[in-house]
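The values are calculated or read from the model by the stated rules, or taken from the named source; none is laboratory data. Because the structure is a prediction, the values reported are computed rather than measured. Every residue, glycine among them, receives a Cβ derived from its backbone with ideal geometry; neighbour counts consider all protein chains shown.
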Amino acid sequence: MADTDISRADLDEIYAFAIQLGKDAGRMLMAAAHARMGDAGSSSQKAHTQKMNAVDLVTETDEEVEAYIKSQITARYPAHKFVGEESYSKGSSRDYLIDDAPTWCVDPLDGTVNYIHLFPMFCVSIAFIHRSKPLIGVIYAPFLNQFFAACQGRGAWLNESQALPLVRNPVPPMPEKAPAGCVFSCEWGKDRRDIPDGNMHRKVESFVNMAAELGGRQGRGGMVHGVRSLGSATLDLAYVAMGSFDIWWEGGCWEWDVAAGIAILLEAGGLVTTANPPHPNEDTAPIEEVSLGSRLYLAIRPAGDSPTETGRQSQERTVREVWKRVRNIDYNRPGA
């Protein structure tokens, strides 16, 4: 299938295939989790579980689920490209691998640390990308029984029946004094180097700025309503699409961490741009669409109109207020 040949019918067929693939992969994750909890059916499974530590088991599960997903995609769509976390991490190149060709971008297990500890915030994440744009996203968190799915032009859904965002009808604009009154989602990330002015220190400063009282921190206090960290970038984005989180700010994520979530959030009516404020012009700089390969993300929940501004205007206002309170973080691609 050439990159110019994705018709509406083709996209709907791919969407249905991705939904079933997400369900099957999620069941594999749960089966492996139950085996670790002592629910394995056969004595050989139990012996296998007992002789391996949790990290080894999770690595094996990660690889098995990705191999299954890749095999199904290759059999159904042999001309499509495949980018998966496990296969990418074992390669020597860190080049950006997504281009205009039809591409599947897969994280077989997002929230690996959560899965190791059997904390329920883990999921499988499957995205279909065309011309560098995520058109389809499927996220299945089986422990939570939450299945998110979206296809461009077909809406975004929870458990195939509830349209996103949830509950709110009409959808409210962002709070008038955002980020005050917002739930702010963020992650510590893997860069834990204790370097003065390194990424971890800049993140901590940004978190404190967002949480501090209004007027505090030399005027940078954001007084967010709450700060949340799920341990899964994919689920962070899904919860922004639900409207449960108002803001998500993060750096360091790879394409498979965010592609499905971005597809779902955009279809729900959210906004995704860069995490890094364009100093010194955060009040006037254009708010550009995020690049999947940038590793820098700021997401805002779906927002409705108010008597004084459109939903999009309230989202952009919130972006600029977040930019005033966060530090630039450096997550270039290795070797870039």
Per the filter on the stretch 274-289, residues surrounded by fewer than 22 Cβ atoms within 10 Å (Cβ to Cβ) and in contact with a strand residue (DSSP E or B) (Cβ under 8 Å, 6 or more places away or on another chain) are THR274, ASN276, ILE287, GLU288, GLU289
Of ALA31, ALA47, the only residue that is modelled with pLDDT of 90 or more, of a type outside the set (Lys, Arg) and either in the same structural domain as PHE143 (by TED's automatic domain parsing) or closer than 27 Å to LEU118 by Cβ (or both) is ALA31
Query raised in the report: Within the stretch 73-82, is even one residue modelled with pLDDT of 65 or more, closer than 17 Å to ILE126 by Cα, assigned to a helix (DSSP H, G or I) and among the β-branched types (Val, Ile, Thr)?
Result: yes
Scanning the stretch 304-321 for residues that are under 26 Å from GLY216 (Cβ atoms) and in contact with a Gly (Cβ under 8 Å, 6 or more places away or on another chain), the one surrounded by the most Cβ atoms within 10 Å (Cβ to Cβ) turns out to be GLN315
Note: among ARG217, ARG193, ARG202, ARG228, just one is closer than 30 Å to TRP104 by Cβ and among the basic types (Lys, Arg), namely ARG228
(message) Among the residues of the stretch 301-310, are any assigned to a loop (DSSP other than H, G, I, E, B) and under 15 Å from the mean Cα position of the chain (by Cα)?
(response) yes
Of the candidates LEU292, LEU298, the one satisfying the condition of being assigned by TED's automatic domain parsing to the domain that holds SER206, buried (at least 18 other Cβ atoms within 10 Å of the Cβ) and either basic (Lys, Arg) or under 29 Å from PRO196 (Cβ atoms) (or both) is LEU298
Exercise for review: Determine whether the stretch 257-274 contains at least one residue that is farther than 30 Å from PRO170 by Cβ, touching a helix residue (DSSP H, G or I) at 6+ places or on another chain (Cβ under 6 Å) and not in a loop (DSSP other than H, G, I, E, B).
Suggested key: yes
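Confirm whether ASP56 is assigned by TED's automatic domain parsing to the domain that holds PHE147, among the acidic types (Asp, Glu), modelled with pLDDT under 95 and in contact with a strand residue (DSSP E or B) (Cβ under 6 Å, 6 or more places away or on another chain).
When the stated conditions are applied, ASP56 does not pass them.
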For the stretch 252-264 the number of residues that are buried (at least 24 other Cβ atoms within 10 Å of the Cβ) and in contact with a Lys or Arg (Cβ under 8 Å, 6 or more places away or on another chain) is 1
Residue pairs within 6 Å by beta carbon, gap of at least six or interchain, first lying in the stretch 150-162 and more than 14 Å from ALA16 (Cβ to Cβ) and touching a residue at least 24 places away in the same chain (Cβ under 8 Å), second of a type in the set (Val, Ile, Thr) and part of a loop (DSSP other than H, G, I, E, B), listed first then second, are none
